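See below for the structure under consideration.
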Amino acid sequence: MSGKGRLSGRMLVIGSIVASLVLVGAYLAAGGSSYEPEKTQNPCQPRPWSNPQSLGQIANQFTISALDGAACQLGVSREALARALATPEGRERFEKRYGIDDEKLAKAIRAGLVRAVDDAEEAGALSPLIAVPLRQTVRNIPLEQAIEFINDAESFLTNAESFLGPAQDLIEQFLP
Amino acid sequence: METSARPRVAALALAVGLVLADSSIVVLALPEIYRELDTSISGVTWVLISFNLVIALAAVPAALVARKVGPGRTAAVGLAVFAGAGLACGLADELSTLIAARCVQALGGAAAVTAALELLPATVGSERRAATVWAAAGATGAALGPAVGGLLTELVSWQSIFLIQVPVALIAAVPILAVAKHEAATGIIEAEVRRTGRPHLWANLALAMVSAAIAAALFLLVLLLIEGWRLSPIEAALVVSVMPLAAILGSRMTERVADERSRAAAGAILVSGGLAGLAFLPKATIALTLPPQILVGIGLSLVLSALTETALGGRAPQAIHGGWTISSRHAGVVIGLLALTPIFTAEIDQQRHDAINAGTAVVLDSPINPLLKLDLAEKVSAQLETEKGKVPTIEPAFEPKPSDPGERAEVEQLQGELQDQLDRGATHAFSTSFILAALLGLIALFPIGLSRRVDL
């Protein structure tokens, strides 16, 4: 190419390649290839408790453990199960989408509650004297009540504490 | 040029600009149309596909008709049909009616544009000057299209985009009517009568591929901005106006490089580079869309002008070969939309699912009361279920906000985090389509490479 103020075709092509590579390289370096929704954790993997202090914090962790346990048993995500348990409509959508009936759901939620009691005991949030009868209780409760325990873990734990606490005190008096 | 010819040149340029701008004007209205007509993204894409498909199929036959019955009459009838169908589009209350009217509108548009190409050389005095006027009119239409479309959609309605075309088309038809009357009275057809040569295969093929990539760039970007990032049509119009503005910059570069093949190759590379940039956006921020848009804009200006010149160069009559270029470009748009729409609608669905899960995880892991968080998680899910097939909005799930200031602050923070997950999902949903569009632009390099060696 000749002439004043003119660009050679080769220069134009090279310039285009460089400009494109610089742009794409800069965006990739800034995290462009990983800008997507965060991946959710596998519910079957243990989720360590973060040293809860108040009853509210314990209830929070208890709910999450219970959801993880139930979701693991059902082979769904913890998030999908949480959305299902919030309302009857959510449960209907869940049943339709995953083909999981009430019987399977009840079994899984009971297993989830047992895992939550285990985790709470392991974290030192529940004493073994409360955990043992609590574990027995949740193994046999009906579905609606089990769901209520997950949704309102704070009341559940408060009731358990007020009901089983005096018995624990009594037992502790007789222990060496 | 004679003074008496000026209104006719202006009318012809207006007709070309109006028809060729139609796609870019309508793109901004598509999100509004699919909300109002309660359809899906795939469904509403046909408002665009149908128009481009009919123009692609009708451009060359329309050019032949114009040469046979007279370009004045063809252009006048074409504009009248375009106006009438535009009115039908504006009054349509169902998607099927709108699409049918768009097909008729495209028929009229194809007739008007190709007949204008036939009339212009006689009106302005040379084929070269005619091609310049024609290209400038198309570029101006494309440049103004997004801004006008966004403005009308937001300030008036999506229907106004079609309704406003009615008087504009009729105004353009008035000076052309004189030519039509002259043709009817004298039987003289103003176009030169020459034997039609074969179309330039490689240049037209490359045009189709590049047009597919460019259409995808505009269409996907508008959807990302309006549906993904929740911008208003005016805001989105302002953002995407960067592309035609950059194209004007690119047209100056066009004058400085004579080699058509190099310009076409550089343009295709820039279009692909810009599209790849849009595929790898590191954040949902408007500013980050600007550099890729500048590359696409400069690129499209270089590649479209170079390929059009190659396709028309030394071929006569220009109207027929211009018809082939219109046909190739619009066929490319159709191919791009048909190929990419199912991919990105499936991606939107997957990303919606991932974003809901990621958002629910954010809610569950937050320190707010479990009762409140589970209720929120369900409301979010229900809200997103109602928007199946669309990029979701999250605000309604967080209304009404808790009255307690502490809880309210926590919920608002949660909404922000959840929105971030949705932004990530919405942005990522378009990535694959942008990459594929970029590949289309790169594949166009093959016919561009062959365009000089094998002149078919």
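Values quoted throughout were computed directly from the atomic coordinates according to the rules given, and no laboratory measurement underlies them. Note that the coordinates shown come from a computational prediction; the quantities given were computed from them, not determined experimentally. Cβ sites come from the backbone with ideal geometry, for glycine too, and all protein chains shown count toward neighbours.
What full-extension length gain, to one decimal in nm, is calculated for B:K401 and B:V156 as 0.36 nm per residue of separation minus the Cα-Cα distance?
85.0 nm
Bridgeable aspartates and glutamates around A:K104 (alpha carbons under 19 Å apart, same-chain partners fewer than 8 residues away excluded): A:D68, A:E79, A:E89, A:E92, A:E95, A:E144, A:E148.
Pairs from the table (B:K68/B:K181; A:K39/B:K373; A:K107/B:K401; B:K373/B:K401; B:K283/B:K401; A:K39/B:K283) lying more than 23 angstrom apart at Cα are A:K107/B:K401; B:K283/B:K401. Cysteines in the protein assembly as shown that lack a partner Cβ within the 4.7 Å cut-off: B:C89, B:C103.
On a 0 to 90° scale, report how tilted helix B:201-223 is relative to the longest principal axis of chain B, with both axes built from alpha carbons and the result rounded to the nearest 10. Computed tilt is about 30 degrees.
Determine the shape class of chain B: with a ≥ b ≥ c the square roots of the Cα gyration tensor eigenvalues, call it rounded for a/c under 1.5, and otherwise prolate if a/b is greater than b/c, oblate otherwise. Cα axes put chain B in the prolate bin.
At an R0 of 30 angstrom, the distance between the Cβ atoms of B:K181 and B:E94 translates into a FRET efficiency of 0.20.
Residues B:H330, B:H353, ranked from the fewest to the most other C-beta atoms within 10 Å, line up as B:H353, B:H330. For peptide A:89-98, the mean count of partner chain Cβ atoms within 10 Å of a residue's Cβ comes to 2.
Using the Cβ-Cβ distance between B:S40 and B:L87 with R0 = 35 Å, the FRET efficiency computed as 1/(1 + (r/R0)^6) comes to roughly 0.85. Working value for the protein assembly as shown: equivalent-ellipsoid semi-axes of 64, 25, 18 Å, each the square root of 5 times a Cα gyration tensor eigenvalue, largest first. Placing R0 at 25 angstrom, the Cβ-Cβ distance between A:K39 and B:L249 gives a FRET efficiency of 0.05 after rounding to 0.05.
Using helices alone, I'd like the mean residue ellipticity at 222 nm for the protein assembly as shown: each DSSP H run of four-plus residues gives -39500 (n - 2.57), total over residue count, nearest 500. Spell out each step's value before the answer.
Numbers: 25 runs with 497 residues, N = 632.
Mean residue ellipticity at 222 nm (helix-derived): -27000 deg cm²/dmol.
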